Amino acid sequence: MQRTTRVLSLTDVGRSYLGHCRTIMDQISVAESEVAELLGSPSGRLRVSMSNVLGDRPTAVMCAEFLKRYPDIELDLQIEDRFVDLIEEGFDLCVRASGQFPDSSLIYKRVGDLRVQLMASLNI
């Protein structure tokens, strides 16, 4: 940049650099638009492991609503209580009702509370 007490202007090198930067930004914008157009909506296989305690009717309704919203998703839902190796077994997501986590480099996030009720009946 050239600077005087009254004017701030680009040098020849600055104008050239700015031109290249604008070209790069335009190319990035075009690339992002093309990718968004090609993808449109989420699609593909989503492999989820979920604990037995969560495999109930409300979860089934939630999965049905998800599939209605994203019809191009193929949901592969595995309901089991064991801790799975997400990477080794190819899972995208694991949902557990537990306060214990195995040592791992994975990221855990609490998504809600689960109300547990203990019930019994007598057959006399």
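Each reported figure results from applying straightforward, stated rules to the coordinates on display, with no laboratory input. From a predicted model like this one, the values you see are computed outputs, not experimental measurements. Here the Cβ is made from the backbone with ideal geometry for all residues, glycine too, and neighbour counts use every protein chain on show.
Brief remarks follow.
- Shape category assigned to region 23-64 from the gyration tensor of Cα positions, a/c cut at 1.5: prolate
- Distant-in-sequence amide H partners of L46 (H built 1.01 Å from N, under 5 Å): E74, L75, D76
- Gyration tensor verdict on region 48-124 (Cα atoms; rounded if a/c is under 1.5, prolate if a/b is larger than b/c, oblate otherwise): oblate
- Centroid-to-centroid separation of region 83-121 and region 1-79 [C-alpha atoms, Å]: 27 Å
- For region 1-105, applying the loop criterion from DSSP together with a ceiling of 11 other beta carbons within 10 Å to the trypsin sites (Lys or Arg not before Pro) yields R6, R82.
- Loop sites in region 70-121: GluC sites (Glu not before Pro), DSSP, at most 13 other Cβ within 10 Å: E80
- Estimated FRET transfer efficiency when R0 is 41 angstrom, pair R15-L39 (beta carbons, to 0.05): 0.65
- Helix 12-39 and the longest principal axis of the Cα set of the chain meet at an angle near 30°.
- 0 to 90° range, to nearest 10: angle between helix 57-69 axis and the chain longest Cα axis: 30 degrees
- FRET efficiency, T5 to E65 (Cβ-Cβ, R0 41 Å, nearest 0.05): 0.05
- Interchain or long-range residues, amide H under 5 Å from V95's placed H: S49, M50, S51
- Shape category assigned to region 55-98 from the gyration tensor of Cα positions, a/c cut at 1.5: oblate
- Rel. contact order, % - alpha carbon contacts under 8 angstrom, at least six apart, region 1-123: 23 percent
- Applying a DSSP loop filter and a limit of 13 other Cβ atoms within 10 Å to the chymotrypsin sites (Phe, Trp or Tyr not before Pro) in region 18-98 leaves nothing.
- Förster radius 35 Å - calculated FRET efficiency between D81 and I24 (Cβ-Cβ, nearest 0.05): 0.10
- Volume per residue of the C-alpha convex hull in region 1-116, rounded to whole Å³: 246 Å³
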